[in-house]
Amino acid sequence: MIKKPEHGMTVIVKTVTRYTDVLILMFGMYFIFNGHLTHGGGFVGGIIVALSFIHVMLAFGKEVALKRVTERIIKLCVGLGAISFLLIGIIGFTKGAFLYNFFRKPGVDYIGEPFSLFSSGIMPLMNVAICLAVASGFYAIFIALVVYKIGKRR
Amino acid sequence: MIQVRILLVMMIIGAAIAIGSTDLICAIVALGVVGLGISLIFLLLQAPDLAILQLVVEIMSLVIMIRAFGMKDTVNIRERRFIATSISVILMGFFLVFSMAAIFEIPRFGSPLMKTSLFYLRNGFRQTGVPNMVSAIILDYRSLDMLGQVVIAFSAAIGLVLIGRKKIHASTANRAEREQK
C-alpha cells in the first residue's frame, strides 16, 4: 500500500496511519463489547469504527480502501445490522413479548453474573447489531460523498 | 455552574459567526465550536458517555462537511430583503416571549423531576443486572426507541446512497466534456 505514491497523502501520513489505525479500531471494539459495563455502547463504538475506516480512505486513497472492503460488503452490512436488531426483537416473542430479554430465567433477578463480560442477556448482541448498522451506515454515507459524483446540469 | 454559562455564551458567539461569515470554510470551523461546547457541557454535567459521542460525531461531521462543501466556490449573497427579514425578526420575538413563559414553568437547574428516573435508579440494577444504567434504559426499558434509532440510521444511509448512486464512468465524462467544448 505504501509503495504507491500517486494515491493518497504523503509518506508521513501513511506511516502514522499504519500504526494508529489498528488502535482506533481496537478502541471502538472495546466500547462495543463493554457497552453494558462501562460508558459507551453501540453508537459510540460504531462511529469510532467507521472513523478508523475513513482514516484509511483519507490516507491511502479510495482505490486502496475499496479493494478489500467493497461497496457491496458495506451495503450488505447496513442491512444486516438493522435486520439482526429486528431479529433479536422477534426471537423475544418465543418467551412472551417483543424485544424481551430471552436469556432471562423466571424468578431470577440478575441475568448471568453482574460486572462480567458475558452477562445481561441480549444487550451485547444488541450493541453489536447497532454497531454494524451505524458503522457501515456512516461509512456508506462517506463513500457516497467521495465516490459518487453528481452529474453536472447542462 | 458558572462554567456552563461561559460555555453557552461561547457557543452562541460561535453560532453567530457561523451564520454571519461569508466564507464557507470559516462557517464550518465556527460551527465546530458549538459541538465542542456541547461536548464540554456534557462532561461538566457528568455524562462522559454523551461527551465522547458528541466529540466523535463532531469530528466526523467536520470531515464530511469539509469534503462536501470545501471544494465548492463560495457564494456571497449581497441582496438585502427587508420584508422577509423584518417578518422573521417579529416571529423570533414572539417565539422568545412564549419560550420565556415556558422556561419559568420548568423546575430549577439541579433539581429535576424524579418520577420515572427514580424508579429506574432504584430498581434498574436489580431487574437487569447491568451496571451501566444508560445501557439498561436504552436497551431494556426503552428498547423500542432504540429500534427506531437504528431504523433512522439505516434509512439515512440507504437514502443517501440511493440519491447519489449514479456513477459517472470515464467514457461518459469525456463525452460530456467534449460536448461542452
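The values are calculated or read from the model by the stated rules, or taken from the named source; none is laboratory data. Worth saying up front: this structure is predicted, and the values here are computed from it rather than measured. Every residue, glycine among them, receives a Cβ derived from its backbone with ideal geometry; neighbour counts consider all protein chains shown. Each accessible area value is taken on the protein alone, full model and side chains, heavy atoms only, with ligands, DNA and RNA left out. Shrake-Rupley method; radii C 1.70, N 1.55, O 1.52, S 1.80 Å.
Regarding the stretch A:62-78, can at least one residue be identified that is at pLDDT 85 or above, surrounded by 23 or more Cβ atoms within 10 Å (Cβ to Cβ) and within 12 Å of chain B (Cβ to nearest Cβ)?
yes
Can you pull out the residues in the stretch B:1-60 that are more than 14 Å from chain A (Cβ to nearest Cβ), open to solvent by less than 60 Å² (accessible area, probe 1.4 Å) and in contact (Cβ under 8 Å) with a residue 24 or more places away in the chain?
Selection gives B:4, B:7, B:11, B:28, B:32, B:37, B:38, B:41.
Which one is surrounded by the fewest Cβ atoms within 10 Å (Cβ to Cβ) among residues in the stretch B:130-141 that are in a helix (DSSP H, G or I) and of a type in the set (Val, Ile, Thr)?
The selected residue is B:134.
Only one of A:58, A:37 is under 20 Å from residue B:58 (Cα atoms), out of contact with any Cys (no Cβ under 8 Å at 6 or more places or on another chain) and within 14 Å of chain B (Cβ to nearest Cβ). Can you tell me which?
That would be A:58, the only listed residue that is under 20 Å from residue B:58 (Cα atoms), out of contact with any Cys (no Cβ under 8 Å at 6 or more places or on another chain) and within 14 Å of chain B (Cβ to nearest Cβ).
Which of the residues belonging to the stretch A:60-78 are touching a residue at least 12 places away in the same chain (Cβ under 8 Å) and not aliphatic (A, V, I, L, M)?
Scanning the stretch A:60-78 gives A:60, A:61, A:62, A:63, A:71, A:75, A:77.
Out of the residues in the stretch A:98-123 that are β-branched (Val, Ile, Thr) and open to solvent by less than 50 Å² (accessible area, probe 1.4 Å), state the one that is farthest from the other protein chains (Cβ to nearest Cβ).
In this case the residue turns out to be A:122.
Hey, which of the helices (runs of 4 or more DSSP H) in the stretch A:1-102, taking only ones fully inside, have at least 3 residues that are out of contact with any strand residue (DSSP E or B) (no Cβ under 9 Å at 6 or more places or on another chain) and within 27 Å of residue B:133 (Cα to Cα)?
Of the helices (runs of 4 or more DSSP H) lying wholly inside the stretch A:1-102, those with at least 3 residues that are out of contact with any strand residue (DSSP E or B) (no Cβ under 9 Å at 6 or more places or on another chain) and within 27 Å of residue B:133 (Cα to Cα) span A:11-33, A:42-60, A:71-91.
Please list, ordered by first then second residue, the pairs with beta carbon atoms under 7 Å, 6 or more apart or interchain, first in the stretch A:29-49 and touching a residue at least 60 places away in the same chain (Cβ under 8 Å) and farther than 14 Å from residue A:134 by Cβ, second of a type in the set (Phe, Trp, Tyr) and open to solvent by 20 Å² or more (accessible area, probe 1.4 Å).
From residues that are touching a residue at least 60 places away in the same chain (Cβ under 8 Å) and farther than 14 Å from residue A:134 by Cβ, the pairs are A:37/A:115.
For residues that are within 30 Å of residue A:110 (Cβ to Cβ), assigned to a helix (DSSP H, G or I) and among the small types (Gly, Ala, Ser), scanning just the stretch B:98-129, find the one that is most open to solvent (accessible area, probe 1.4 Å).
So the residue we want is B:117.
Which of (1) more than 9 Å from the chain's Cα centre (by Cα); (2) on the phi < 0 side of the Ramachandran plot does residue A:107 not meet, given it meets every other one?
So the condition that residue A:107 fails would be (2).
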